[in-house]
Amino acid sequence: MSLEKITSISGFSGLFKIITTRKDGVVAEDLQTGKSMFASSRKHQFTPLASIGIYTDDGDSIALFQLYKNMLAHLADMPENEQSEEANKTFFGIALPTYDKERVYPKDIKKSIKWFRFLNEKGIINDKNLDEFLKNIEEGAEEETAE
């Protein structure tokens with residue numbers, strides 16, 4: 001599955017794969033249930049996970065999928081219960097020690113870990129496809145700079 005198509009849709013819990021776009025919204029497949037649905041662009045906002053960045057101490061940000069690559073490397077440290085705010089912050093700090101503690105809120109940390117756990121358990125993310133995805137992003141950025 002292409003990581004570029006994984007999206008969060010406001011008003012719905014969980015993650016979705018964009019099947020097709022229409023002028024008034026998208027048809028998306030719920031990754032949890034496998035059911036397809038239409039989401040209107042008038043009612044909902046669509047956030048591809050590939051476009052999400054995590055703020056770092058240096059004022060910059062890193063891609064969510066880079067964070068997920070770091071989390072894969074520290075899988076043994078992942079908290080059993082994602083409801084524990086302190087355990088989530090500790091794990092997040094292990095995976096990304098330079099995250100901006102003032103601009104990355106506990107709800108963002110919880111959601112990131114929840115999504116990571118889901119994508120990892122479903123086998124959607126692994127070292128190989130994260131490496132390929134991040135390499136494609138870097139190559140795209142280099143091409144934009146060259147132009």
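The values are calculated or read from the model by the stated rules, or taken from the named source; none is laboratory data. These numbers were taken from a predicted model, which means no experiment stands behind them. As a convention, Cβ positions derive from the backbone with ideal geometry for all residues, glycine included, and neighbour counts pool all protein chains shown.
Points to keep in mind about this one:
- Among the residues of segment 76-94, just one is among the aliphatic types (A, V, I, L, M) and touching a Lys or Arg at 6+ places or on another chain (Cβ under 9 Å), namely Met78.
- Sole residue being in contact with a helix residue (DSSP H, G or I) (Cβ under 9 Å, 6 or more places away or on another chain), in contact (Cβ under 8 Å) with a residue 40 or more places away in the chain, of a type in the set (Asp, Glu) and at negative phi, chosen from Asp77, Asp58, Asp127, Asp100: Asp127
- Filter result (surrounded by 11 or more Cβ atoms within 10 Å (Cβ to Cβ), touching a strand residue (DSSP E or B) at 6+ places or on another chain (Cβ under 8 Å) and more than 16 Å from Ile113 (Cα to Cα)) within segment 3-20: Glu4, Lys5, Ile9, Phe12, Phe16, Lys17, Ile18, Ile19
- Within segment 1-31, being in contact with a His (Cβ under 7 Å, 6 or more places away or on another chain) and under 24 Å from Ile137 (Cα atoms) holds for one residue alone: Ile9.
- Some residue of segment 16-31 being in a loop (DSSP other than H, G, I, E, B) and aliphatic (A, V, I, L, M): yes
- The listed residue being out of contact with any Phe, Trp or Tyr (no Cβ under 8 Å at 6 or more places or on another chain) and at pLDDT below 90, out of Glu80, Glu102, Glu86, Glu121: Glu80
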